[in-house]
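Worksheet: the structure to be examined is printed underneath.
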Amino acid sequence: MNDTTATIDDRELTTKEAASLLGLSPSTLRKWRCTGERPELPWCKRFRKVFYLESEVILFKEKNTTSNCDETYV
């Protein structure tokens, strides 16, 4: 977690909330955590609870969203 991205009012999201924000199922996030498939989406575990910082989830979503607005149709 970067100090520049984490702010005092950064919400901690559950797996279900983060998955909903990303348009994925919670089981996909659980799989990514276990396999390390997406290491660029950081998560934290405190006691037995896993959470994601909202700013990190939004940043991950922005980096992995593509736009086809630049395509030219003939």
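Computed from the coordinates by the stated procedures, all read-outs in this text should not be read as laboratory data. Predicted model, so just to flag it, every value in this text is computed and none were measured. Here the Cβ is made from the backbone with ideal geometry for all residues, glycine too, and neighbour counts use every protein chain on show.
Ranked highest first by the average count of other Cβ atoms within 10 Å around their residues, in what order do 41-49, 13-21 fall?
Peptide ranking by packing, descending: 13-21, 41-49.
Which lysines have a Cα less than 20 Å from the Cα of Lys45, not counting those fewer than 8 places away in the same chain?
Within the straight-line cut-off, Lys45 pairs with Lys16, Lys31.
Quick check: residue separation of Ile58 and Glu37 times 0.36 nm, minus the Cα distance between them. What number comes out in nm?
Full extension from Ile58 to Glu37 adds 5.7 nm.
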